[in-house]
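> One structure, as structure tokens, below. Some questions next.
The values are calculated or read from the model by the stated rules, or taken from the named source; none is laboratory data. Worth saying up front: this structure is predicted, and the values here are computed from it rather than measured. Cβ atoms come from the backbone with ideal geometry, glycine included; neighbour counts cover every protein chain shown. Just the protein is used for accessible areas: all its heavy atoms, side chains included, with ligands, DNA and RNA removed. Shrake-Rupley method; radii C 1.70, N 1.55, O 1.52, S 1.80 Å.
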Amino acid sequence: MKFTSLDNQVSISDQISSSDIADLIEEGIEIVVCNRPDGEVAEQPRFADIARICENNGMESHHIPFVGDQIEDLHVESFMDLLHSGKKVHAFCRSGARSSKLWARSRSKQGMEPEELKERAGQAGYDVSQHV
């Protein structure tokens, strides 16, 4: 897992496995968000399996899947609801790119400046310029 903090509340990564949950707990993560549809690739863990491990460790888990750049308002609204909780959120997908785009769209709606969003995501290796 390539763990990257985008701001004080949100981190992202590539696909997580059950063994990564302990690391997320150490980082203070309270909510895990999967942005991958189940079955995207054969070797991908099912969301239900990750959710069960999260629940067993006292963490919330949410499935907000989408493909590529197909982020819809419902995805953004769902993610923003989690951000409003004030809890530390970790979102993941295949590479972290989808999760970074969802973060950027959500933070943009919350008023964060586009240049800051692009800079933060860029430092993490992601291009969100089409999503702010």
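> Out of residues 5 or more away from VAL33 or on other chains, whose amide H comes under 5 Å of its own, with H placed 1.01 Å from N in the peptide plane?
HIS62, HIS90, ALA91, PHE92
> By how many nm would the segment from SER18 to LYS87 grow when fully extended, if each residue of separation counts as 0.36 nm and the alpha-carbon distance is taken off?
Gain in length upon complete extension: 22.8 nm.
> Counting only GluC sites (Glu not before Pro) that sit in a DSSP loop (anything but H, G, I, E, B) with at most 16 other Cβ atoms within 10 Å, what is the longest stretch of the chain containing none of them?
Formally, the longest exposed-site-free interval is 73-132.
> First select every other residue whose beta carbon is under 11 angstrom from the beta carbon of PHE92; then total the charges, Lys and Arg +1, Asp and Glu -1. Working shown, then result.
Values: positive: LYS2, ARG36, ARG94, ARG98; negative: ASP14, ASP20.
Net local charge, PHE92 excluded: +2.
> Just in region 41-132: which trypsin sites (Lys or Arg not before Pro) are loop by DSSP and have at most 14 other Cβ atoms within 10 Å?
Answer by residue number: ARG46, LYS87, ARG94.
> Kindly identify the chain as rounded, prolate or oblate by the Cα gyration tensor criterion: order the square roots of the eigenvalues as a ≥ b ≥ c, call it rounded if a/c is under 1.5, otherwise compare a/b with b/c, prolate if a/b is larger, else oblate.
Because a/c hits 1.5 or more and a/b exceeds b/c, the chain counts as prolate.
> Counting only protein heavy atoms and using a 1.4 Å probe, what share of the accessible area of region 12-96 belongs to carbon plus sulfur, as a whole percent?
On region 12-96, the fraction of accessible area on carbon and sulfur atoms equals 45 percent.
> Let me ask something else. As I understand it, the dipole of region 1-112 uses +1 on the Cβ of Lys and Arg and -1 on the Cβ of Asp and Glu, about the Cα centre. Which of LEU74, GLY111, ASN35 lies farthest toward its positive end?
The residue sitting farthest along the positive end of the dipole is GLY111.
> Let me ask another. For the chain, what is the accessible area per residue in Å², given a 1.4 Å probe and the full set of protein chains?
50
> What list of ³J(HN,Hα) couplings, whole Hz, do you get for region 119-127 from phi and the Karplus terms 6.51, -1.76, 1.60, once you set θ to phi - 60° and write x for glycine and proline?
5, 4, 5, x, 4, 8, x, 10, 9
> Using a 7 Å offset from the Cα along the Cα-to-Cβ direction at both LEU74 and LYS109, what is the distance between the two label points in nm, to one decimal?
1.3
> Here is a follow-up. What's the extension gain from ASN57 to ASP127 if we count 0.36 nm per residue and subtract their Cα-Cα distance? Don't skip to the answer; put the middle values down first.
Details: separation 70, 0.36 × 70 = 25.20 nm, distance 3.27 nm.
Separation in residues times 0.36 nm, less the Cα-Cα distance, equals 21.9 nm.
> At 222 nm, what helix-only mean residue ellipticity would the chain give, in deg cm²/dmol to the nearest 500, using -39500 (n - 2.57) for each DSSP H run of four or more? Present the calculation step by step, with values, prior to reporting the outcome.
Numbers: 5 runs with 51 residues, N = 132.
One gets -11500 deg cm²/dmol as the mean residue ellipticity at 222 nm.
> Could you check what % of the DSSP bridge pairs in the chain are antiparallel, to the nearest 5?
Beta bridges within the chain, antiparallel portion: roughly 15 percent.
> Right, next: Which lysines, on any chain, are close to LYS109 with Cα under 17 Å apart, when same-chain ones fewer than 8 places away are left out?
LYS109 reaches LYS101, LYS118.
> In whole Hz and in residue order, list the ³J(HN,Hα) couplings for region 107-113 that follow from phi through the Karplus curve 6.51 cos²θ - 1.76 cosθ + 1.60, θ = phi - 60°; x for Gly and Pro.
Values, residue by residue: 5, 4, 5, 7, x, 5, 5 Hz.
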